[in-house]
Structures are given as structure tokens and as C-alpha cells.
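Please read the structure below before turning to the comments.
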């Protein structure tokens, strides 16, 4: 039985998809992936991501300033984001990818936090959900989310923290992104977390072209791989496959308002 999926996190504005958009969308659809949410990571990409959403029915846009390229963000980019959000139309479904990251040697963490708060306030003003990046920062991120209480909440994408950290995000009203990490048997902690969380809190994602699945190392990840993530999730959980597929779709619709 073919289920219907949404890849809620795919950087479709990067190679190998650039110039191959129609064929890539068709490949994804063959695997049941009927819609793809594309989060921008910097102001220079806003127009490209919006154009993808306007020209392809299956593509939805999110716009944000990602902490991993903190040195590329200027204060005026927050103002630019605010202006673009006012005219972006209904194919723009979230602010993202935004968040916190302590992976780099010089993370400029104070500036990261200031940019995050500014974008959370924009999400509140424009009544949009957020797509959140968090690496080694789950507890700090939760504090920001609690302080700036968003009506539409969002998703913590690519989650690989503890069960307690996931539960704290869920208590704050946030969804948890399930990606290719769970296809690796050695990722036992993340696999156990995804097996135990409430189904109502989960979203499907790939982070393509990053985060290749087990068995596909060294290859660019692709949105159709969301179907393989789903298969693994079904192996980890006790609910029937059809129930899991339906819940993932409903969670995505309720958070982002995508229509299929």
C-alpha cells in the first residue's frame, strides 16, 4: 500500500536538485512524497526558495537565518525577512531554518541567541510556526521557546537528544522531526526516543541533501528517502503502519497548513 508523505525538511535549493527540480519532484512522488518543505538558511537564498514554491505545486517555503552560517547574517537581514514575510503568500509556511548550534569552534553564541529571539518574535508577529535547528543546545533552546511563547509553535528538526529533552519540547507544544538517523542501528538512543514519543508529536523529514540514510553513505540524500525513514519508524513503533502514516500527515497539516 502506497502512503502519502511530506518531507518537512529538504534543502531543495541546493545541488543535486538545482536544475533537476521537475525530475526530483517526480522521483519523490513515485515514493509517495507528495510535498516538500524547503527551509532557507540565509537572506541570499530567500528569493530562490520562494521562487521554487511559486513554480512547483509540491514545494512549500520556509525562510530563516541558520546559526551555522552566523557570520553571513547582518542585522538588516532580520528587517528583510520581516518585509518578505508580509508579501510572501500562502506557499510560505514557516520561519526556518533557525535555532542554536554549539558545534563550531567560534559559534558567536550571544549573536546566535539574539538572532533566534528576533526571528521567534517575527514568527509571533506573522503567526507562523518555526523550523528549529539545535545541536548541543536543546536545554538552552527550550528556555528561549518558553520565554517567547509562540502561538503556532513549530518543530525541532533532526532531533537526537534524550527522551527527557524531547518531552520538554513536546510539553512546550513543539513537534519532533524524525530523520535518517533512526536508520542506523548504532543510533540506539535516538531510535528508542522515537519509539517512545507520542505519535501526535512526530514529523517526517530527510534534511536532504545532508544526512544520508544507512546504506547510502557518501551519496546525496533525497526527499524520496522519507519513505525509508517511515519504514524504519514503523519497525520501531507498535502502532499499525496505516495509523502512523495518517498521524504523520495530520501532524504536518496541522502545523504547516500544507494542502495535498
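Remarks
- Complete set of residues in segment 37-67 that are in a helix (DSSP H, G or I) and buried (at least 17 other Cβ atoms within 10 Å of the Cβ): 43, 45, 46, 49, 50, 52, 53, 67
- The numbered conditions (1) part of a helix (DSSP H, G or I); (2) without any contact (Cβ under 8 Å) to a residue 40 or more places away in the chain; (3) surrounded by fewer than 19 Cβ atoms within 10 Å (Cβ to Cβ); (4) under 19 Å from the mean Cα position of the chain (by Cα) are all true for residue 151 except (1).
- For segment 14-36, a residue qualifies if it is touching a helix residue (DSSP H, G or I) at 6+ places or on another chain (Cβ under 6 Å) and buried (at least 22 other Cβ atoms within 10 Å of the Cβ), and the qualifying residues are 17, 28, 33, 36.
- Residue check for residue 17: closer than 28 Å to residue 244 by Cα, part of a loop (DSSP other than H, G, I, E, B) and in contact with a strand residue (DSSP E or B) (Cβ under 9 Å, 6 or more places away or on another chain): no
- Some residue of segment 204-213 being exposed (fewer than 15 other Cβ atoms within 10 Å of the Cβ) and out of contact with any helix residue (DSSP H, G or I) (no Cβ under 9 Å at 6 or more places or on another chain): no
- Lone unmet requirement of (1) without any contact (Cβ under 8 Å) to a residue 60 or more places away in the chain; (2) in a loop (DSSP other than H, G, I, E, B); (3) in contact with a strand residue (DSSP E or B) (Cβ under 6 Å, 6 or more places away or on another chain); (4) surrounded by 16 or more Cβ atoms within 10 Å (Cβ to Cβ) for residue 134: (2)
- Residue match in segment 175-188 (condition: surrounded by fewer than 19 Cβ atoms within 10 Å (Cβ to Cβ) and either more than 28 Å from residue 225 (Cα to Cα) or touching a helix residue (DSSP H, G or I) at 6+ places or on another chain (Cβ under 6 Å) (or both)): yes
Every read-out reported here was derived from the displayed coordinates using simple, explicitly stated rules and does not represent laboratory data. Just so it is clear, the structure is predicted and the values come from calculations on it, not from any experiment. Virtual Cβ from ideal backbone geometry, glycine too; neighbours counted across all protein chains shown.
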